[in-house]
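Enquirer: My questions all concern the structure below.
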Amino acid sequence: MEWMVITDASQAEALAALEARGTADCRQNVFINEGDTVYLYAEPSACVRWKCLVEKEGVSPEEAAQPAIAPVSDANNRENYPHYMRLKLLHTFPEGALPLEKLTESGLPNVKGSTLIRAKLLKLLQAAE
């Protein structure tokens, strides 16, 4: 499955670590599984910047590499599922290549939490690679 995960400006250090190391740990949504693809949407640039593969799920907070990515999500998910997933960087998109306007035109319902990517949006993302 393919997911859109929203990050905000407070995650700049963790996202820079992803680019430098090629991997990063990210707080996991209960529905995202090993082998899934995660596209990271970054604020304040308001665009998709990274495509990653979930290499491992269920990483404990003690095992999570720091700085870890903490996506914008609802607080209940953090309390009910406090694990992390290990992401492997697959592709970096140029800043501004996939802005919010294009994403919403292609079916992104909102920029909150983790969202399952539908066919029209996936086609846009794949064409940008």
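Enquirer: Does GLY96 count as closer than 23 Å to ALA17 by Cα and at pLDDT below 95?
Expert: Yes.
Enquirer: Looking at LEU53, LEU89, can you tell me which residue is in contact with a Cys (Cβ under 8 Å, 6 or more places away or on another chain) and modelled with pLDDT of 95 or more?
Expert: Details: LEU53 fails: in contact with a Cys (Cβ under 8 Å, 6 or more places away or on another chain).
After ruling out the rest, the residue left standing is LEU89.
Enquirer: Need at least 2 residues that are over 22 Å from GLU129 (Cβ atoms) per element, so show me which helices (runs of 4 or more DSSP H) inside the range 1-119 make the cut, counting only ones lying wholly within it.
Expert: In the range 1-119, 12-21, 75-80 are the helices (runs of 4 or more DSSP H) which contain 2 or more residues that are over 22 Å from GLU129 (Cβ atoms).
Enquirer: Still on this structure, please answer the following. Count, please, the residues in the range 17-67 that happen to be surrounded by fewer than 20 Cβ atoms within 10 Å (Cβ to Cβ) and touching a Pro at 6+ places or on another chain (Cβ under 8 Å).
Expert: 4
Enquirer: Anything in the range 24-66 that is under 11 Å from MET4 (Cα atoms) and among the β-branched types (Val, Ile, Thr)? List them, or say none.
Expert: ILE32, THR37, VAL38, VAL48
The values are calculated or read from the model by the stated rules, or taken from the named source; none is laboratory data. Computed from a predicted structure; not experimentally measured. We place every Cβ from the backbone using ideal geometry, glycine too, and count neighbours over all the protein chains shown.
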